[in-house]
Each structure stands twice: as C-alpha cells, then as structure tokens.
1. What nm distance separates the two modelled labels at Ser8 and Asp95, each placed 7 Å from Cα along Cα→Cβ?
2. Please find the FRET efficiency linking Lys75 to Cys140, where r is the Cβ-Cβ separation and R0 is fixed at 30 Å, and quote it to the nearest 0.05.
3. Give a quick list of GluC sites (Glu not before Pro) in region 75-154 that DSSP marks as loop, anything other than H, G, I, E or B, with at most 15 other Cβ atoms within 10 Å.
4. Lysine pairs in region 1-146 with alpha-carbon atoms under 15 Å apart, 8 or more places apart or on different chains: how many are there?
5. Only Lys, Arg, Asp and Glu count, each charged at its Cβ (+1, +1, -1, -1), so figure out the dipole size of the chain about its Cα centre, rounded to 20 debye.
6. Could you tell me what percent of the DSSP beta bridges with both partners in the chain are antiparallel, to the nearest 5?
7. Here are a few candidate values for percent of Cα pairs over 28 Å apart: (1) 9; (2) 24; (3) 13. Which one was actually calculated from the structure I just gave you?
8. Along the Cα→Cβ direction, 7 angstrom out, place labels at Lys85 and Glu129. What is the inter-label distance in nm?
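Values quoted throughout were computed directly from the atomic coordinates according to the rules given, and no laboratory measurement underlies them. On a predicted model such as this, the values are computed, not experimentally measured, just so you know. Reconstructed Cβ throughout: ideal geometry from the backbone, glycine too, with neighbour counts over all protein chains shown.
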Amino acid sequence: MDYKSMFSPKLIDLSVEATTEADVFQIVAAKLLEAGMVNEDYFDGITKREANFPTGLVTQHLNIALPHADPEFVKEAFVFICRLKSPVKCRQMGDNSEMEVENLFFLGIKDGKNQVGLLQVFMNLFMDEEFVQQFLAIDCPEMMYQFFIKSIES
C-alpha cells in the first residue's frame with residue numbers, strides 16, 4: 001500500500017476551532033464530504049466507532065488521535081490532518097481513560113487489511129522526538145504535506 005497517495009494538501013487544516021471531539025468530527029466530516037472522500041453517513045460512522053473503539057494515543061512527545069470509520073463510509077483512501085486551536089477531550093485507545101488532544105489524523109481506510117500498517121506508521125513517526133518537533137513547527141498545509149510525504153518511507 002502506498003500510504004503517500006492518501007495525503008493531500010487540501011486534506012490538511014491546521015487551525016480548526018472546536019470545543020468538543022464531536023465538533024471536530026462534524027467539521028472534518030463536512031470537509032471530507034465536500035472533497036468527495038466520504039459518504040453522507042461518515043459522521044455517524046466515525047462517531048459510533050470512536051465511542052466503541054477510542055483512538056487517542058499518548059506518546060512520549062505528543063498526544064494524538066487517529067479516528068477512523070469503517071470502510072463502508074469511505075469513498076477514497078485518505079489521511080486528513082487536523083490541528084486544533086485548543087485541545088479537546090477524547091479517550092485513549094486500549095483503556096478508555098480521558099486525555100486531551102490537539103492533533104488528530106483522520107484515517108480513511110478502504111481496505112481493512114491496511115489499517116494496522118497505517119496505525120503503525122503513525123505510531124513510529126510520533127515516537128521520534130525530532131519528527132514531532134518539526135511537525136509542531138509547521139503551520140502551512142503545503143509544507144505539512146511535503147513533510148509527511150518525505151517522512152513516510154514507501
């Protein structure tokens with residue numbers, strides 16, 4: 001799977017204003033729907049899946065979340081990079097404990113077999129302190145796109 005093809009500068013928003021996780025999902029779902037990446041049921045799909053299988057991840061250097069809906073809601077594979085202006089509460093993968101997050105990566109996976117590999121890519125990147133510092137310093141979607149394309153080994 002070529003993960004690089006899942007990224008696009010138009011699927012990056014680094015200044016999202018939201019007060020809850022549900023707000024974030026709604027904002028991103030609307031953008032993804034407009035871009036033709038998901039169907040109308042995506043918001044419900046991602047909300048339900050996140051309620052059952054939270055995707056917050058506390059890494060050594062940064063808290064992130066990797067929300068994803070089931071493949072039936074996804075028209076085209078994508079990664080939507082979302083940075084919030086202020087943190088929202090979400091729940092951790094595994095133990096469901098509450099955490100705060102400002103950086104979310106919405107994973108649009110068409111083929112379930114690719115899900116674990118893509119999650120692994122993100123976990124590896126965010127365990128790298130230098131990667132995280134560079135990631136946090138970028139505030140331009142085009143630069144963020146180039147950064148990920150360069151950082152993900154094919």
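1. For Ser8 paired with Asp95, the spin-label model returns 3.9 nm.
2. Values: r = 27 Å, r/R0 = 0.90.
The pair Lys75/Cys140 has a calculated efficiency of 0.65.
3. On the way: sites: Glu76, Glu98, Glu100, Glu102, Glu129, Glu130, Glu142, Glu153; in loops: Glu76, Glu153.
Here the sparse-neighbourhood loop sites are Glu76, Glu153.
4. On the way: Lys4/Lys110; Lys10/Lys31; Lys31/Lys75; Lys75/Lys110.
Counting lysine pairs in region 1-146 gives 4.
5. On the way: 13 positive and 24 negative charges, 38 e Å.
Dipole magnitude for the chain comes out near 180 debye.
6. Details: 14 of 21 bridges.
Percent antiparallel among DSSP bridges in the chain is about 65.
7. Entry (1).
8. Taking the two extended label points, one gets 3.2 nm.
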